[in-house]
Structures are given as C-alpha cells and as structure tokens.
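I have placed the structure first, in the form of structure tokens, so that the comments after it can refer back to it.
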Amino acid sequence: MINPIAQQNNVKTSIFYINDYHGKSINMERTVSASKAFDSRMKSQKDVDTFKLSSGDIMIGEDEKTNRLAVLFQKYIGITSTAVGNHEYDMQSKIGTILPMINYNLLASNIKINPKNDWSKKVKNAVIEERNGHKYGIIGTSPVDLYKRSKEGIIQHDIKVSSAIETLQDIQNEVNKLQKQGVDKIILLSHLGYNFDKVIATQTQGIDVILGGHSHDLIFDIKEGKNLFYSKTGEPVVITQAGRDGKNFGVLNLEFDQNGVITKMQNNIGFTREFRRNESVKYIFDKIFGSHETLGYIKSAPGALKYDLTEPNPHAYFITDCIRNDLNCDIAILPSANIRGFFEPGKIDLRILTDILPFKNKLYMMKYSEKDLVDAFKLAAKSFSNVANKPGIFYASGLKYSVKTNGEIIAMSFIDKDGKDNPIDINNPRADKFYTTVLNDYCAEGNDGFAMLKQPQNIIEKYPFDATVCVQNCLKHSKEPVAIEDDGRIRIIPE
C-alpha cells in the first residue's frame, strides 16, 4: 500500500533537454521560443525542480561566429550543464576565443587534459546542482570514438579519452563520489551514443537519467526495453535523445521518492518547426553574423531528408556541382555528414548557407586514381549497415553510382563535362587512370577511416576557403532562380 504521507515528500522534476544541434542557428532561434514556453508553463509550478541541460555537439566546425551563436544560444535558454561532444572540439586552435564566453558547466568525466590546453581550465567531471533544497548530481562524458569523429590536431596530443570499459568505470566512480556526498538523484549527460547508453544503464548503479546524444536517435515516450532499463541494483534508469540538427528538443518529467528512486516518468519530444524564430535572438544573431546580402534565389527544391546519412540528396548534388564548376575539376565530393540542412525556395543569404554547411572545412584539389575513388566510395557505402549509419555516404559531381541497402556498390560511372557516361569497373578499378578531385580537408587528411584519400604527395592545391564560397559564386552568376532536383545520380537498390 502506498503511503500518502511519503508521497507528499516525493520530488517532482522537469528537464528541458537538447543535443546535437550542430550549429543550426535558425533552429536555435526557434528553440529559444520553445524554452520560453517551457518557462512560462513552469512558472506556476513552484514545487517542481526545473533544469535546462545539454548533451553536447551544440557547437560545430571551425567558424568562430557559428560557435559564438551556439554558446549564446545555450546561455539564452539557461543551460546550466552540458556534456562536451566531439564537435565542441572542432575549433582546436582558436577555442581560447570561445571558452571565456561560457558560463555553464562543461562536463566530461572520461577525459584527461594537458594542463596547458585551454580546455583544462573549463572542463569538470561532475557537478552538484541544487533546486528547492534538493541536490542533483550531474555527470558528463565525451565520446570514446572522439578521434574518429575529429580532425587530426592538437586534441590528439592534449586530450586523452578513456576506452569504453574505462569510461564505464569513470562514470561509476563519479556516481560513487556523489552518493558519498548525500546525492541520490543523478543525471548523466552522455555523448556516447544510444547503444553505449543502454550498457551504462544496466551495468552501473546509482544513475537515474541518461540524457543522450551522438548517435542522433529520436526517442519518444517511455518504453521498457527501449529507453527504460534497470540498474545493477534494480532501480529504473531512463534514457532520452532528441535527434539531430535542432529539429527537436525534449521535456522529461519525473517524480522521485524519498530515496531518490524514480516512481513516475513522462518523456515528451517537441518539434522546433512548430515555434517561431525568436525575434530578439534573431536580431542579435544576424548582427553577430554580419552579411545580409542576398546571394541568389532558389526556385524549387525538395524537402528535408528522412535519413540524413544514407539517402540520395539533391541539395548535396547542387553543392558538388557548384564546387566542380567553380574549381574546374573532374570530380567534386561532399560527405553526407558535412551537409546539415536543405535549401528552401526563396532568397539565400550567407547565414542560411552557413546553416546548411556549418563546418567551414577548407577545400583541397587532389590527384586520385580511379581505384582510390572506388575504394573510398565503397567504404562510405558501408554506412548503410554501420552503427548510426556513420560516417555516411559520399555525394559527388562527376560520378554516379548504384548501391544496395546492405552497403554494396554494384555500379559506378564517371560523368564527363559533356555529360557522357563512362562506366567504371568497380571490381577492377584502374590504378593508372587519374581524376582531379576536390573534397574537404577532413577527408583529404584521411579522417573517418579514409586512409586511401590521405595522399599529401598528390595535393594539387589547398584552397583558403570552404564549399560555401563555391555555392555563393554559383548563385551570384545564375541568371535565373535555381531549381534543385534529384537527377538520379545515386540509386538505392533494395536487397
């Protein structure tokens, strides 16, 4: 029988959570409006402990302005703690200009930082936050595959990430420390991915909530075996995650008993498209970003993809065509993970373009053999069957291919500048036939496992700009609004 007096002492908690916004500032503006609606709703519920928490990858790429907006966004909505995701490390050499702006907790319990690195002064393993006299322990993690998800640079020398097994122990150690301080409500801000989160839920004790990120899963509601698990000591553990690119946010409502055990739970996913862009924040963001110049117009374009990393993408085709035309190469390549939005009919300015291509990876012109390219595209195609579909398929101008849903490429052709289709023998690609190829520095340096593309001896030119410059030039020189269409250059063949 439930003791009604004990129930009166239960603690009610409501958490507004975000993850993996990837610098999408327009969706940030919409989320500010959603956050204000949450605040308005909770204002009358004085007995509810409220939080705003982030699981990382709100920042992205090397562009200082984009990352300034990501920091300001989290400050505006009232984030108090965030995990440090892999994309928070993208600004390796200039991060010292951003870190002083951050007034919220940066948490990563599974890393060791060189004391001389700027990150060392900001990152903590865990913190205790108090609401209405109730103490909550909040722990953070960075991804164990950080080096696979980051461009090679100083972080590989200055930041050491624990292995998967070590990370489990790091987390449990922090839980133990918090419990010794009398904290019995513990939240993990995880940038480890959904599959790892499930392991943590069942192989540790003391964690109540795992606010996840990194794998871009969109988890609705509460379902046992899906996002409700039980710890080593039999207590419930709830896992959440709200997709990617700021399309969604979440609100997790909980009730804890006197021992800090969850007795009630409700997980709600919100859609940022249902909220207007906050005008005050839009004004500030526009001012920071600078240029309002109209670069060109889009006449028509398909909508957003459902599967961002493994779906034919006309928006990416348009970008690669712009690169190929602007830099006069045989082939232009864009990894699917690099495109983080889509074009919509109407005018295009620099902020919209940067929202679509936020990384600001510089371009390289390379001399690659037919074999190099086939090997790289085959490796990218394995994303169909990889965990979370990473690193994603390759889009190209100058190549077309057919791929099965198991990730096997079955046909490929080179399309020359006259539009002629030149079949490639994918089983015996030529090592003596070469193509001038433009791609970003991340891939050209062999990251994400593309070792065959790391050929410093075959660099023809390093450009001091990224793909957005090529798109700008294309738009400015187009006499008519651009129609973006699927021309069938990637065919997905069901097994």
Please list, ordered by residue number, the helices (runs of 4 or more DSSP H) wholly in segment 130-228 having 2 or more residues that are within 25 Å of residue 445 (Cβ to Cβ). 155-158
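Here is a yes/no grid of residues against (1) under 24 Å from residue 16 (Cα atoms); (2) under 18 Å from the mean Cα position of the chain (by Cα):
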site: 61; (1), (2): no, yes
site: 69; (1), (2): yes, yes
site: 77; (1), (2): yes, no
site: 82; (1), (2): yes, yes
site: 85; (1), (2): yes, yes
site: 91; (1), (2): no, yes
site: 102; (1), (2): yes, no
site: 117; (1), (2): no, no
site: 120; (1), (2): no, no
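Matching residues to (1) touching a residue at least 40 places away in the same chain (Cβ under 8 Å); (2) touching a Lys or Arg at 6+ places or on another chain (Cβ under 6 Å); (3) surrounded by 15 or more Cβ atoms within 10 Å (Cβ to Cβ):
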{"site": "85", "(1), (2), (3)": "yes, no, yes"}
{"site": "91", "(1), (2), (3)": "no, no, yes"}
{"site": "97", "(1), (2), (3)": "no, no, no"}
{"site": "106", "(1), (2), (3)": "no, yes, yes"}
{"site": "117", "(1), (2), (3)": "yes, no, yes"}
{"site": "120", "(1), (2), (3)": "no, no, no"}
{"site": "123", "(1), (2), (3)": "no, no, yes"}
{"site": "132", "(1), (2), (3)": "yes, no, no"}
Which one of 94, 12 is modelled with pLDDT of 95 or more, in the same structural domain as residue 151 (by TED's automatic domain parsing) and charged (D, E, K, R)? 12
When you check residue 40 against the structure, is it of a type in the set (S, T, N, Q), part of a helix (DSSP H, G or I), more than 16 Å from the chain's Cα centre (by Cα) and within 26 Å of residue 256 (Cβ to Cβ), yes or no? yes
Would you check if there is a residue in segment 278-295 being among the basic types (Lys, Arg), out of contact with any Gly (no Cβ under 8 Å at 6 or more places or on another chain), surrounded by 16 or more Cβ atoms within 10 Å (Cβ to Cβ) and more than 24 Å from residue 90 (Cα to Cα)? yes
Looking at segment 440-456, which of the residues that are out of contact with any strand residue (DSSP E or B) (no Cβ under 9 Å at 6 or more places or on another chain) and outside any loop (DSSP other than H, G, I, E, B) is surrounded by the fewest Cβ atoms within 10 Å (Cβ to Cβ)? 456
Residues being more than 23 Å from residue 212 (Cβ to Cβ) and in a loop (DSSP other than H, G, I, E, B): count how many of those fall in segment 87-117. 10
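The values are calculated or read from the model by the stated rules, or taken from the named source; none is laboratory data. What you are looking at is a predicted structure, and each value in this text was computed from that prediction instead of being measured. Virtual Cβ from ideal backbone geometry, glycine too; neighbours counted across all protein chains shown.
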